[in-house]
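The values are calculated or read from the model by the stated rules, or taken from the named source; none is laboratory data. Nothing here was measured: the structure is a model prediction, and the numbers come from that model. So basically every Cβ, Gly included, is an ideal-geometry build from the backbone, and we count neighbours across all protein chains shown. Calculation scope for accessible area: heavy atoms of the full protein, side chains included, ligands and nucleic acids excluded. Shrake-Rupley method; radii C 1.70, N 1.55, O 1.52, S 1.80 Å.
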Amino acid sequence: MARPLAEIADSFFRPAVNDLVPYEPGKPVEEVQRELGLDHVVKLASNEGPYGPFPAAREAIARCAAELNRYPDGGAYRLRASLAERFDLRFEEVAVGAGSDGLVDCLSQAALEPGDEIVCGWPSFPSYVIDARKFGAVPRTVPLRDGRYDLGAMLEAIGPRTKIAYVCLPNNPTGTMNTRAELDAWFERVPEHVVTVLDQAYAEYIDDPDYPDGVEGYLKQGRRVVVLRTFSKIYGLAGLRVGYMVGPPEVVREVMKIRNAFDVSELAHVAALASLDDPGELRRRRDVNERGRIDMTAMFAGLGMRPFPACANFLAVDVGEGRALADALMREGVIVRPLDPFGAPECIRVTVGTPEENAILADVLARALQPR
């Protein structure tokens, strides 16, 4: 009789895969409702936009539904062309994928071999580390300084086998950003054999004049940089998985070779296209989010907790015991993200929701903190 696969798994699978610790996503609303018997749950755990697709995107999705028997445009031509026009770039400088996360995976596949290295701050977006390890590469993680990427220390961590340096801007999970001057200094010093990936998934939420524009400020100035953006956040399309990368044609070409031909569904394609031409709705969501973030920051500070200085649609807050408070909030029907998987057990991460959701959080938080 053949031996069970479990007995030979260590030799069957690549060592890099055997050692992986999978990404731990936030709990879905339905799971929390089932587990705790709750009728209403507010999810403020995954940095999602709280408003769903733009009106034009909803209409595009409805029109597309009758044609879902057809495969999507594997090259996402219309979306790539529209983004290229919007940024005044060549078509060959734009790639699309299943969220910016999917493009991190594609870039890792295209560039990394066993023994290569990537550098990033930590705690930060886990996919940088996970995707490097998938291919036997070595992640060099550099501790944050005051919750922000320590770009000077990252430069010191770069070695001869470093291929990619990730700069998460703003950083997930802390919500903090590096300034334009700091990025300018980085690009003056980063070695030529390293490609910098600026992850700007939350860029549309930010109107701080000191927030760097990776496309205008660095890509168009000839820097060795790739910029990631997504439709998952302010555009409300997280459930459809569509993001994009802009960068040198040589990088885009290799990424487009690697990505699965149909990883961006036609629903995602048409919804993303339809989302690009509504600056009024974009501004409305940014303004509502900013007011909510300011109020939420004041609320946590008023309770004696320490929120990091955030600039996007989420806060990291030092609450003392992150997992304990997250569990207490979940029992009351509010899901937030404990940050012990990121290496910050004292913290939680909270998404800025609608005004109604933020009010529920404030009420539930007050109850959760009452002595029992």
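Some observations on this one:
- Whole-Å distance, taken between Cα centres, linking segment 128-174 and segment 256-333: 22 Å
- Residues whose amide H comes within less than 5 Å of that of Phe314, counting only those at least five positions distant or on another chain, are Val352 (H built at 1.01 Å from N in the peptide plane).
- Relative contact order, whole percent, for segment 85-160 stands at 27, derived from Cα pairs under 8 Å and 6 or more residues apart.
- For the pair Arg90 and Ala261, the difference between a 0.36 nm per residue extended length and the Cα-Cα distance amounts to 59.5 nm.
- Local net charge near Ala274, Cβ-Cβ under 12 Å (Lys/Arg +1, Asp/Glu -1): -1
- Rounded to 0.05, the FRET efficiency of the Ala359 and Ala62 pair, given R0 = 41 Å and the Cβ-Cβ distance, is 0.80.
- Rg then Dmax, both in Å and based on the Cα atoms of segment 319-372: 11.0, 31.
- With a cut-off of 10 Å between beta carbons, the residues surrounding Ile348 carry a summed charge of -1, where Lys and Arg count +1 and Asp and Glu -1.
- Relative contact order for the chain: 23 percent, from Cα pairs under 8 Å spaced at least 6 residues apart, divided by residue count.
- Apportionment of accessible area to carbon and sulfur, segment 107-232, percent (1.4 Å): 47 percent
- Accessible-area value, Arg58, 1.4 Å probe, nucleic acids and ligands omitted, Å²: 130 Å²
- For segment 174-221, the Stokes-Einstein estimate of translational diffusion at 37 °C and a viscosity of 0.692 mPa s comes to 279 µm²/s, using the Kirkwood hydrodynamic radius over alpha-carbon pairs.
- Burial order of peptide ranges 98-106, 353-361, 59-67 (average beta-carbon count within 10 Å, highest first): 98-106, 353-361, 59-67
- Estimated distance in nm for a label pair at Asn69 and Phe13, the labels positioned 7 Å out from Cα along Cα-to-Cβ: 4.0 nm
- Where only DSSP H runs of four or more residues are counted, the chain gives -12000 deg cm²/dmol as its mean residue ellipticity at 222 nm, each run worth -39500 (n - 2.57).
- Overall, segment 84-214 carries a charge dipole of about 540 debye about its Cα centre when +1 sits on the Cβ of Lys and Arg and -1 on the Cβ of Asp and Glu, all other atoms neutral.
- Take every pair of alpha-carbon atoms less than 8 Å apart whose residues are at least six positions apart; their mean separation over the length of segment 163-286 yields a relative contact order of 21 percent.
- A crude spin-label estimate for the pair Arg291 and Asp146, with each label 7 Å from Cα along the Cβ direction, gives 3.1 nm.
- Overall form of segment 117-216 per C-alpha gyration tensor (a/c, 1.5; a/b vs b/c): prolate
- Percent antiparallel among DSSP beta bridges (both partners in the chain, rounded to 5): 45 percent
- Taken per residue, the accessible surface of the chain reaches 46 Å², heavy atoms only and a 1.4 Å probe.
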